[in-house]
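Below: one structure, written as structure tokens.
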Amino acid sequence: MTSKTFSPLTTHVLNTADGVPGAHMALSLHRLDPHMVLWNLLTIGTTDKDGRCSELITREAFTAGMYKIRFETGQYWETLGQTCFYPYVEIVFTIIDQDQTFHLPLLLSRFSYSTYRGS
């Protein structure tokens, strides 16, 4: 996607253990096929130096349904020379009104995580 494209879905990773952004973390966005009950990969990305990934999906491709974002947390902690308990984190959520915008932050430490729907 180009930088001029507006994504209705964004995320932001915060390393709460060190008080820094979760920079350069690999992630992927998937949508559930309700007929096959399989997750379809839509896109892969990486958080920027501020821990943000703002170009996950175009407005045209964003439809009602069940989605998940998979964050590769194990790889992230490895690059910092640390181990973690969760090798990845998956946030699964349902979109009913695709005309809204959604922001899903991930607050992360080596042994815990939390998320919420932001604005």
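Between His24 and Arg59, take the C-beta separation as r, use R0 = 25 Å, and let me know the FRET efficiency to the nearest 0.05.
Details: r = 26 Å, r/R0 = 1.06.
In this case the efficiency is close to 0.40.
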- For Thr83 and His103, what does the FRET efficiency come to when R0 = 35 Å and r is the distance between their Cβ atoms, rounded to the nearest 0.05? 0.75
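Can you sort Tyr86, Tyr76, Tyr113 by 1.4 Å-probe accessible area, starting with the largest?
Numbers: Tyr86 75, Tyr76 15, Tyr113 100 Å².
The ordering from most to least exposed comes out as Tyr113, Tyr86, Tyr76.
Scan the chain and hand back the longest stretch that contains none of the trypsin sites (Lys or Arg not before Pro) lying in DSSP loops with at most 12 other Cβ atoms within 10 Å. Could the numbers behind the result be given before it?
Values: sites that count: Lys4, Lys49, Arg117.
Of all site-free stretches, the longest is 50-116.
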- Message: Would the range 1-98 count as rounded, prolate or oblate if I go by the C-alpha gyration tensor, calling it rounded below 1.5 in a/c and otherwise prolate when a/b exceeds b/c, oblate otherwise?
- Response: oblate
- the chain, accessible area per residue, ligands and nucleic acids excluded (1.4 Å, Å²): 58
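What part of the accessible area of the range 64-119, given as a whole %, is carbon or sulfur when the probe is 1.4 angstrom? Mind dumping the intermediate values first?
Numbers: 1680 of 3220 Å².
Here it works out to 52 percent.
Using helices alone, I'd like the mean residue ellipticity at 222 nm for the chain: each DSSP H run of four-plus residues gives -39500 (n - 2.57), total over residue count, nearest 500. Display every interim value, and only then the final one.
Values: 1 runs with 7 residues, N = 119.
Value at 222 nm, helices only, nearest 500: -1500 deg cm²/dmol.
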- Message: Taking the full set of protein chains and a 1.4 angstrom probe, give the accessible area of Leu38 in square angstrom, rounded to the nearest 10.
- Response: 90
- Query: Between Met66 and Thr43, how many nm apart are label points set 7 Å from Cα along the C-beta direction?
  - Reply: 2.3
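The values are calculated or read from the model by the stated rules, or taken from the named source; none is laboratory data. These figures come from a predicted structure and were not determined experimentally. Neighbour counts are summed over all protein chains in view; Cβ atoms, including those assigned to glycine, are modelled from backbone coordinates with ideal geometry. Please note that ligands, DNA and RNA were not included when accessible areas were found on the heavy atoms of the full protein model with its side chains. Shrake-Rupley method; radii C 1.70, N 1.55, O 1.52, S 1.80 Å.
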